[in-house]
Amino acid sequence: ANLAFMPGEEYDLGQDDAKDGPADAFSASVTFATDMLYLALAQDLDVATEAYLGLDTDLELFDTDSVPFDTTRLTGVLNLNALQLGAMFQTAKISDEDVYGDVDQDGVLLSAAFKLNQLVLKGQYGMSTLSDNDFDVDNDAEQIAFGVDYLLSKQTTVFAYLNMLSYELDEANAQEQT
C-alpha cells in the first residue's frame with residue numbers, strides 16, 4: 001500500500017477554503033504482484049491534473065486548465081510466457097464542481113505484447129469519454145497503436161510505433177457552452 005499527502009499551493013479561487021493546507025490532496029494505491037499477475041487499485045482525491053475543459057470558440061482545439069480531480073484507476077497485467085496482456089479502467093470527476101462545473105471522464109485501455117526472441121510486437125486500444133454534464137456535452141477519444149521493439153543488446157533497443165488517435169466532438173451541444 002502507498003499513501004501520499006500533497007500540500008496546497010496557496011491558490012484561492014474566491015472560495016472560503018483556500019487550498020493552502022498541509023494535506024489538500026491525497027493519493028493512495030494498493031498493489032498485488034506475482035510472476036504471472038500484477039494488479040493495482042489507485043485513488044486520487046483533489047489532485048490537480050491538466051484537463052481538457054471543453055472546446056474553443058472555433059471548435060478546433062481544446063482549452064486546458066489545471067483542475068483538481070478525484071480519480072480511481074484499476075490496472076491489471078497478465079504474463080503468459082511470451083504473451084503479456086494489460087488492461088486499465090479509469091473514472092475521474094472534478095473535485096470542486098462549484099468552481100469548475102460538473103465534468104467527469106471514463107476511460108479504458110487494453111494492451112498486448114508478444115515476444116519473439118529479440119522482437120516484441122505490441123498493440124494497444126484505448127477509449128475515453130469526457131462529459132460536461134452542465135451542458136450535456138460528451139467528447140469521445142479513441143486510440144489504436146501498434147509497435148515493434150528489437151533488442152540489439154542489453155542496453156540498446158530499436159523501436160517503431162504507429163499511433164492513430166481520433167476524436168468525436170459533441171459540436172452541437174458544445175456551441176451552447178461558448
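The values are calculated or read from the model by the stated rules, or taken from the named source; none is laboratory data. As the structure is a prediction and not an experimental result, all values here were calculated from the model. In this analysis, Cβ positions are derived from the backbone assuming ideal geometry, glycine residues included, and neighbour counts consider all displayed protein chains. All accessible areas refer to the heavy atoms of the entire protein, side chains included, with ligands and DNA or RNA removed. Shrake-Rupley method; radii C 1.70, N 1.55, O 1.52, S 1.80 Å.
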Exercise. Show the residue pairs that are 6+ apart or on different chains and have beta-carbon atoms under 6 Å apart, the first residue being within segment 145-164 and under 20 Å from residue 83 (Cα atoms), the second being surrounded by 10 or more Cβ atoms within 10 Å (Cβ to Cβ) and of a type in the set (Lys, Arg).
Key: 147/122
Exercise. Those residues that are under 20 Å from residue 6 (Cβ atoms), surrounded by 16 or more Cβ atoms within 10 Å (Cβ to Cβ) and touching a Leu at 6+ places or on another chain (Cβ under 6 Å), I need them from segment 68-105; list them, please.
Key: 70
Quiz item: Out of segment 106-154, which residues are open to solvent by 70 Å² or more (accessible area, probe 1.4 Å) and of a type in the set (A, V, I, L, M)?
Solution: 110, 116, 121, 127, 151, 152
Quiz item: Is at least one residue of segment 21-28 at pLDDT 95 or above, surrounded by fewer than 12 Cβ atoms within 10 Å (Cβ to Cβ) and in a loop (DSSP other than H, G, I, E, B)?
Solution: no
